[in-house]
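Everything below concerns the one structure shown next.
The values are calculated or read from the model by the stated rules, or taken from the named source; none is laboratory data. Every value quoted in this text rests on a predicted model; they were computed, and no experiment measured them. Glycine also receives a Cβ, built like all others from the backbone with ideal geometry; neighbour counts cover every protein chain displayed. Only protein heavy atoms, including side chains, enter the accessible area calculation; ligands, DNA and RNA are left aside. Shrake-Rupley method; radii C 1.70, N 1.55, O 1.52, S 1.80 Å.
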Amino acid sequence: MSPSPQSKPGVTPGKAMLAAVSGYAMDGFDLLILGFMLPAISLSLALNPSQAGSLVTWTLIGAVIGGIVFGHLSDRFGRIRMLTVTILVFSVFTGLCAVAQGYWDLLAWRTLAGVGLGGEFGIGMALIAEAWPVEKRNRASAWVGIGWQLGVLMAAFITPPLLNIIGWRGMFLVGLLPALVSFAIRRGMGEPEAFQQQVKHVPSLSFPARLKLLVRDRTTAKASLGIFILCSVQNFGYYGLMIWMPSYLSSSFGFSLTKSGLWTAVTVVGMTFGIWLFGVLADRFARWKIFLLYQFGAVVMVVVYAQLRDPTIMLVTGAIMGMFVNGMIGGYGALISDTFPPQVRATAQNVLFNLGRGVGGFGPVVIGLLASQFSFTAAITLLALIYLLDIVATLFLLPKKQGQEDTLGAIG
């Protein structure tokens, strides 16, 4: 491969959105069907709860590795080109999951599939930042975040009826379908004009040089630390809730798999609305203030939700909790894109978000341990405390600027 820009015309905003949303939908679809399949996989392969939770954790650790590697390659060789490679990596190892014979080989295939997943968020966000107008960057980034929710909704609706028919091995093969669709969408697309201009006028950087740009001075290092904290809290809370909540509803309230799927669907609808609203508000008002609004809302709603016992009220309140807990993801892509220029943008997106996702991957393990030692109610209540850390990071570490035009070779 050559780092020289492609001769194809730059990708249009609509095609860029389709490429980014389809990939992130695949990401969400894969993680949620794994959550639904954990009981069946555990029974089939005789896994204990810790081993079952580690399948999620190591998928996310793989995503950290993939995010770092593919972020750098995307800044060097192109957004669309690397998005296509990540799909192929994901597809191969997800297919191998379907023929796993035990814990260790399944763990290996899940980790390597995670490597493919890792590039999707950051490269897609960099693609959107360079293909869409700056004044619409927040809402465009939020739409990419909604792609994850579309994948989760699809998984919530099709997994309960299909799992009993085709089993968990068949579901891994179903998980290949979004990847194939996303691959077809990206074929033949050109690179964003901003990336092509960057390649023409700015010398290519080595991987260590790109990483150094994330901490090049005190201001940039503070911004990187703040973004990492936000991404860690976001993913810890999200995976902790979404992976274990179906089991909690089943054990505490007798919810069937179908009812748990309904709860997930309603909660995801709330999350989707929250992401969309974040993008709209952040384009109109100061983004850091919208972060604070959502963070305070998350603290309150997680505490309230942990005290509920009526299934109907939990269904409605779950949507409101989802709006605050996951709505913040609508701002991360634009925040990172505004902080770093094209030459290091995908690296920054993938390193910071996926390191946070790696930390967040311990959410299911921690929640599982707390639930076994105390109760699910206590475990969920403790989640509220981590959003206080978010508030501190937003107030004292995050950059307050937004909507900056791209400049060649400059760090934002």
(message) Need a quick list: helices (runs of 4 or more DSSP H) entirely within the range 271-339 having at least 1 residues that are among the acidic types (Asp, Glu).
(response) 329-339
(request) Go over the candidates LEU230, LEU241, LEU205, LEU262 one by one and state the one that is modelled with pLDDT of 75 or more, open to solvent by 30 Å² or more (accessible area, probe 1.4 Å) and in a helix (DSSP H, G or I). (result) LEU262
(message) Please verify whether VAL92 is surrounded by fewer than 24 Cβ atoms within 10 Å (Cβ to Cβ), at pLDDT 90 or above and of a type in the set (Val, Ile, Thr), treating the condition exactly as stated.
(response) no
(message) Quick check on the range 312-325. Is at least one of its residues surrounded by 19 or more Cβ atoms within 10 Å (Cβ to Cβ), among the β-branched types (Val, Ile, Thr) and under 30 Å from SER204 (Cα atoms)?
(response) no
(message) Just the residues that are at pLDDT below 75 and either surrounded by 21 or more Cβ atoms within 10 Å (Cβ to Cβ) or basic (Lys, Arg) (or both), please, taken from the range 184-193.
(response) ARG187
